[in-house]
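Below is one structure, written out as structure tokens, with a few remarks after it.
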Amino acid sequence: MDDQTKSLIQNNIDNNDVCLFMKGTPDAPQCGFSMAVSNILKILEVQFQGVNVLENQNLRDGIKVFSDWPTIPQLYIKKEFVGGCDIIKEMYENGELKKVLKNKGINFKN
């Protein structure tokens, strides 16, 4: 991964408490998995930054290298990689996602 791509990824993670690297945008997801995670965050009324990896092939490839995670979407909360779609759905269903958000001081709807 080139330095510019790494810097772009790091800046998004550093400057947004909740950052979702996804295919498409929160308002127009272009993949069911990205839509699922985006919708969970919307249901919880979490303020988050969606980063569209489809706009940049280097970003799309780079985020997988950066996180050492093979799939997109990828959710970061307070600079920490939390997981992809299956993990986030499971965390939402068992209440773990709310605990993580609360512990990290992120506002959400109870």
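So the values come out like this:
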| quantity | calculated |
| --- | --- |
| Cβ charges +1 (Lys, Arg) and -1 (Asp, Glu), total dipole of the range 3-103, debye | 100 debye |
| Local electrostatic count at L59 - Lys and Arg +1, Asp and Glu -1, tallied over other residues with Cβ under 12 Å | +1 |
| For the range 42-101, alpha-carbon Rg and Dmax in angstrom | 12.2, 35 |
| Coarse-grained scattering of the chain at q = 0.12 Å⁻¹, given as base-10 log I(q)/I(0) from a Debye sum over alpha-carbon atoms | -0.36 |
| Net lengthening on full extension, K102/W69 (0.36 nm per residue, minus Cα-Cα) | 9.4 nm |
| Qualifying lysines (Cα of each under 28 Å from Cα of K109; at least 8 residues distant if same chain) | K23, K42, K78, K79, K89, K98, K99 |
| Per-residue [θ]222 nm for the chain (sum of -39500 (n - 2.57) over DSSP H runs n ≥ 4, rounded to 500) | -14500 deg cm²/dmol |
| Relative contact order %, the chain, counting alpha carbon pairs below 8 Å whose residues are six or more apart | 32 percent |
| The chain - share of DSSP beta bridges that are antiparallel (%, nearest 5) | 70 percent |
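Each reported figure results from applying straightforward, stated rules to the coordinates on display, with no laboratory input. Keep in mind that what you see is a predicted model, and the values were worked out from it rather than measured. Glycine gets a Cβ as well: all are built from the backbone with ideal geometry, and neighbour counts include every protein chain shown.
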